[in-house]
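Bear in mind that the values in this text are calculations on the coordinates, not laboratory data. These numbers were taken from a predicted model, which means no experiment stands behind them. Don't worry about glycine lacking a Cβ; one is built from the backbone with ideal geometry, like all the others, and counts go over all protein chains shown.
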Amino acid sequence: MGEAVKDQTEEVIQAWYLDNKEEDQKLPHHKDPKEFVSLDKLAELGVLCWRLDADNYETDEELKKIRESRGYSYMDLCEVCPEKLPNYEEKVKMFFEEHLHIDEEIRYCLAGSGYFDVRDLNDVWIRVWVKKGGLIVFPAGIYHRFTVDSDNYMKAMRLFVGGPVWTAYNRPHDHLPARKAYMKKFLKVIGDRNIDASA
Ligand SMILES: CSCCC(=O)/C(O)=C/O
Ligand SMILES: [Fe+2]
């Protein structure tokens, strides 16, 4: 990703280490001092980010290209707010339980905003704030969770390769092949980089 594209993407997707305080999940929960996480670091965890034109998603060629190249044949829209999401309270609790999926989780924020928390390779929480225009892909097997922020609203496009499977495997599910494959792939990236760095 070029620097200009990275800067534009960072206007709608920002990430930082969480303070791990339990109170109100919808607050930013920055550490003191704040410790931001770059998009490059997210990429090392397999988390991919784009900034797209959310006002014109129906005709957007860039979205079309991403969908075609990554095989995202399925899409629907999901609004996270009490008026639009059936069983709102139950779903909000479910989204914030730490879990993984055996497929990618792909979310494109068309309006509002929310926090996707992911574990780094040392098992420390990173909070990823996704705002309108942010498209984010979480790899199969990464532990994560979701909450809206204090504005209480996100409209997201959900994308999927083939027919959607929304099954969430709450932690611990370390024995699943998708989890093992994730750890093997991404721990290896870090391991190899460390070996190169010390050579
Ligand atoms: C913003 S879409 C709702 C969150 C969700 O679908 C999910 O699976 C979070 O992990
Ligand atoms: Fe999920």
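Some notes on this structure:
- Here region 101-112 is the region considered, the condition is being assigned to a strand (DSSP E or B) and within 12 Å of the chain's Cα centre (by Cα), and the residue that is surrounded by the most Cβ atoms within 10 Å (Cβ to Cβ) is Tyr108.
- Unique residue being within 30 Å of Gly163 (Cβ to Cβ), surrounded by 14 or more Cβ atoms within 10 Å (Cβ to Cβ) and within 14 Å of the chain's Cα centre (by Cα) when the list is Trp50, Trp16: Trp50
- Taken together, the residues in region 177-187 that are more than 16 Å from ligand 2 (Cβ to nearest atom) and either basic (Lys, Arg) or assigned to a loop (DSSP other than H, G, I, E, B) (or both) amount to 3.
- Looking across region 72-108, the residues that are farther than 20 Å from Tyr143 by Cα, in contact (Cβ under 8 Å) with a residue 60 or more places away in the chain and of a type outside the set (D, E, K, R) come down to Tyr72, Ser73, Tyr74, Met75, Leu77, Cys78, Val80, Cys81.
- Scanning region 12-29 for residues that are touching a strand residue (DSSP E or B) at 6+ places or on another chain (Cβ under 9 Å) and in contact (Cβ under 8 Å) with a residue 60 or more places away in the chain yields a total of 12.
- Of the residues contained in region 169-176, none is found to be within 12 Å of ligand 1 (Cβ to nearest atom), part of a strand (DSSP E or B), among the hydroxyl-bearing types (Ser, Thr, Tyr) and in contact with a Lys or Arg (Cβ under 7 Å, 6 or more places away or on another chain).
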